[in-house]
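Please treat every number below as a calculation from the coordinates, not as lab data. Predicted model, so just to flag it, every value in this text is computed and none were measured. We place every Cβ from the backbone using ideal geometry, glycine too, and count neighbours over all the protein chains shown.
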Ligand SMILES: Cc1cc2nc3c(=O)[nH]c(=O)nc-3n(C[C@H](O)[C@H](O)[C@H](O)COP(=O)(O)OP(=O)(O)OC[C@H]3O[C@@H](n4cnc5c(N)ncnc54)[C@H](O)[C@@H]3O)c2cc1C
């Protein structure tokens, strides 16, 4: 147990918390910053269970934080990886369309990507698609040459190293339990002791709403966990895919549908789907927490969500339980891939913020209270955007210490 004083306590050792801590420590070297992480390792949740894609910035509403931070974040992250010797594979990406309706949506996506400033983006015809991806079916495709893949755990470790080298401290296995504001300071109770802090920064991912409440803020949203399950291509089938291969997404849904993703270590993943998880960190069907489920089921917004998306929800459950349905999704992209080519892979759980009317909150959401700055919604592409989100939050925190002599 410890009792400590610090200027800033950052909650969460994922990419967003680590990047925020790293940027703030660089802006104010004399500030005492402590990052706490409830798990016994960094990046153990979303940041270490994602698809590893450095997104180009095509999908997001022009002018949104997602659009800005993804396009700028892509450039900054690739540069960061080069500087720190982290391997990046620039494999490029195709989004493939087959029907007239998909081609219309593909053209809209193209315009959106151009508006967002994505470099090199262009529509290609079937003949050129075949040159990049001989086994992919598509009448037309949107080609993003700069999309890349990386191991985000390596990036998290690099952020942590820079933060600690600049004087920051990281406490693993330390969970924030509650915080009370007393005379301009927060008394933060953790599983390892009490920390007196001038500012709390909430980067708790799947628990961002819980941490907001524990620190006295009503978040106005609820995190609903959606598990994404992957299969992996057997090594002798990997040659069927060269780069990232995606279908045209349903614009009304936040997830990008099952796609094919080469990884930096040379394997190829298919997925993820999107099924309601039985707990916030429910990586398998059998992971279930009564408290998490009761919280989801008692939330009015969840039932609005069910009312709106029940068909898609049932289809996702079907696809999760029946491999043949998953395989059919993959075959829409590469018909040659069969069930025998796919073996079960890892899974991840996405933190999807939902408001009281069941609307999926799309953009990154960062809010402030006197005691804290809360990153309430940082779904994909937050890994790609992590340098920009961290800088943005650190700038807000920096203002709080203006004239404070630190
Ligand atoms: C399946 C999947 C695929 C994805 N693919 C991509 C992709 O290809 N490209 C991309 O850009 N993005 C992708 N994303 C999104 C991206 O991974 C996340 O948006 C990003 O990692 C969020 O980082 P974070 O730091 O906010 O959250 P997290 O990584 O979840 O970190 C939050 C941390 O807070 C800790 N914590 C929570 N509560 C407490 C507490 N009370 N006390 C102390 N610590 C606490 C948690 O243990 C956790 O380590 C994907 C996500 C998933 C799940």
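In table form, for the structure just shown:
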{"item": "Sole residue being more than 16 Å from the ligand (Cβ to nearest atom), more than 27 Å from the chain's Cα centre (by Cα) and within 30 Å of residue 329 (Cβ to Cβ), chosen from 135, 242", "result": "135"}
{"item": "Odd one out for residue 203 among (1) more than 15 Å from the ligand (Cβ to nearest atom); (2) in contact with a strand residue (DSSP E or B) (Cβ under 6 Å, 6 or more places away or on another chain)", "result": "(1)"}
{"item": "Flag if residue 195 is more than 10 Å from the ligand (Cβ to nearest atom), touching a residue at least 12 places away in the same chain (Cβ under 8 Å) and over 30 Å from residue 101 (Cα atoms)", "result": "yes"}
{"item": "Where residue 110 falls short, out of the listed (1) assigned to a helix (DSSP H, G or I); (2) touching a strand residue (DSSP E or B) at 6+ places or on another chain (Cβ under 6 Å); (3) under 27 Å from residue 48 (Cβ atoms)", "result": "(3)"}
{"item": "Residue, farthest from residue 40 (Cα to Cα), within the range 170-183, restricted to residues that are surrounded by 16 or more Cβ atoms within 10 Å (Cβ to Cβ) and under 25 Å from the mean Cα position of the chain (by Cα)", "result": "176"}
{"item": "Qualifying positions in the range 170-185 - in contact (Cβ under 8 Å) with a residue 40 or more places away in the chain and away from the ligand (no atom under 14 Å from the Cβ)", "result": "181"}
{"item": "Residue count for the range 367-406, restricted to those that are without any contact (Cβ under 8 Å) to a residue 60 or more places away in the chain and under 24 Å from residue 70 (Cβ atoms)", "result": "2"}
{"item": "Given (1) crowded, with 17+ Cβ neighbours inside 10 Å; (2) over 24 Å from the mean Cα position of the chain (by Cα); (3) away from the ligand (no atom under 11 Å from the Cβ), index of the condition residue 163 fails", "result": "(2)"}
{"item": "Positions within the range 266-279 being surrounded by fewer than 23 Cβ atoms within 10 Å (Cβ to Cβ), in contact (Cβ under 8 Å) with a residue 24 or more places away in the chain and in a loop (DSSP other than H, G, I, E, B), in sequence order", "result": "266, 267, 279"}
{"item": "Matching residues in the range 43-68 - criterion: being more than 7 Å from the ligand (Cβ to nearest atom) and part of a loop (DSSP other than H, G, I, E, B)", "result": "56, 57, 58, 59, 60, 61, 62, 63, 64"}
{"item": "Leading residue by the ranking (nearest to residue 267 (Cα to Cα)) among those in the range 151-176 that are in contact with a helix residue (DSSP H, G or I) (Cβ under 7 Å, 6 or more places away or on another chain) and part of a strand (DSSP E or B)", "result": "170"}
{"item": "Answer from 249, 254 - the residue that is over 16 Å from residue 223 (Cβ atoms), assigned to a loop (DSSP other than H, G, I, E, B) and under 19 Å from the mean Cα position of the chain (by Cα)", "result": "249"}
{"item": "Pair list, Cβ under 7 Å, 6 or more apart: the range 40-59 residue farther than 16 Å from residue 154 by Cβ, other residue within 6 Å of the ligand (Cβ to nearest atom)", "result": "45/14; 45/205; 45/206; 55/381; 55/384"}
{"item": "In the range 220-236, residue nearest to the chain's Cα centre (by Cα) [restricted to those that are under 20 Å from residue 348 (Cβ atoms) and either more than 11 Å from the ligand (Cβ to nearest atom) or in a helix (DSSP H, G or I) (or both)]", "result": "224"}
{"item": "Residue in the range 96-103 that is in a helix (DSSP H, G or I), more than 16 Å from residue 152 (Cβ to Cβ) and touching a strand residue (DSSP E or B) at 6+ places or on another chain (Cβ under 9 Å) present", "result": "yes"}
{"item": "Residues satisfying the stated conditions in the range 24-42, i.e. part of a helix (DSSP H, G or I) and farther than 18 Å from residue 197 by Cβ", "result": "26"}
{"item": "Qualifying positions in the range 184-219 - exposed (fewer than 15 other Cβ atoms within 10 Å of the Cβ) and not in a strand (DSSP E or B)", "result": "184, 191, 213, 218"}
